[in-house]
Amino acid sequence: MNSDLEHEIKQHMEKMTLDDLIEMKDWGEYLKREYKQEVHKIVEREAEGVDSTDITQLDMFLLHGRRFARSSPAYQKMLTEGVSLAKKNKDESLIETVLLALGERAVEYQDLLEVALEKSRNNKNLHRVLYNKLREAVPEVRGYVGKPNNR
């Protein structure tokens with residue numbers, strides 16, 4: 001790729017959002033792989049604009065950002081905020097997103113898991129996410145299939 005084109009791509013990325021990266025599908029994945037620093041800058045820019053007390057904003061940022069920059073300090077800071085807010089407000093969507101973002105590390109947050117278990121009794125999506133995360137991290141859970149009448 002010539003340097004003019006590369007410069008132009010970087011200029012465009014200075015104006016991009018996480019939504020733009022998602023809409024680009026495979027191209028977004030390409031940019032994530034080839035322009036890591038620029039993608040991290042997008043995440044940092046977006047994080048600055050998120051009101052960490054607004055559940056919906058935080059939820060969407062964590063959901064979209066996890067695909068592109070989980071290791072970004074800005075993303076990790078917002079994830080910490082998300083864990084705190086999910087435990088406090090018990091918002092099912094935010095709990096689900098936080099569990100997805102934490103992945104196997106979810107088992108380190110027992111108080112969050114307790115809230116998630118309580119909420120999962122009436123929320124099939126949260127039940128599925130919680131089961132999948134625990135199955136990955138806790139071998140004893142792998143054989144569990146649940147009771148058909150609980151769904």
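The values are calculated or read from the model by the stated rules, or taken from the named source; none is laboratory data. Note that the structure is a prediction, hence the values are computed from the model and not measured. No Cβ is skipped: glycine too gets one built from the backbone with ideal geometry, and neighbour counts run over all protein chains shown.
Look at residue 71 and say whether it is part of a loop (DSSP other than H, G, I, E, B) and more than 16 Å from residue 94 (Cα to Cα). Considered against the rule, which asks whether it is part of a loop (DSSP other than H, G, I, E, B) and more than 16 Å from residue 94 (Cα to Cα), residue 71 comes out as yes. Could you list all residues from the range 68-86 that are loosely packed, with under 14 Cβ neighbours inside 10 Å and under 16 Å from residue 33 (Cβ atoms)? Passing the criteria: only 71. Taken over the range 14-23, residues that are modelled with pLDDT of 95 or more and of a type in the set (A, V, I, L, M) amount to 1.
Of the listed requirements (1) over 21 Å from residue 113 (Cβ atoms); (2) at pLDDT below 95; (3) surrounded by fewer than 16 Cβ atoms within 10 Å (Cβ to Cβ), residue 48 misses just one: (2). Residues of the range 1-23 that are part of a loop (DSSP other than H, G, I, E, B) and either over 16 Å from residue 66 (Cα atoms) or touching a strand residue (DSSP E or B) at 6+ places or on another chain (Cβ under 8 Å) (or both): 1, 2, 14, 15, 16. On inspection, residue 90 passes the criterion of being over 15 Å from the mean Cα position of the chain (by Cα) and closer than 20 Å to residue 114 by Cβ.
Can you tell me which residue is modelled with the lowest pLDDT among those in the range 24-45 that are of a type outside the set (A, V, I, L, M, F, W, C) and part of a loop (DSSP other than H, G, I, E, B)? Spell out how you get there, then give the answer.
Just the residues of the range 24-45 that are of a type outside the set (A, V, I, L, M, F, W, C), to begin with: 25-26, 28-30, 32-38, 40-41, 44-45.
With the extra rule that they be part of a loop (DSSP other than H, G, I, E, B), the set shrinks to 25, 35.
Values: 25: 91, 35: 96.
Once the filter is applied, the top-ranked residue is 25.
Can residue 85 be described as under 17 Å from residue 116 (Cα atoms), touching a Ser or Thr at 6+ places or on another chain (Cβ under 8 Å) and assigned to a helix (DSSP H, G or I)?
Criteria met by residue 85.
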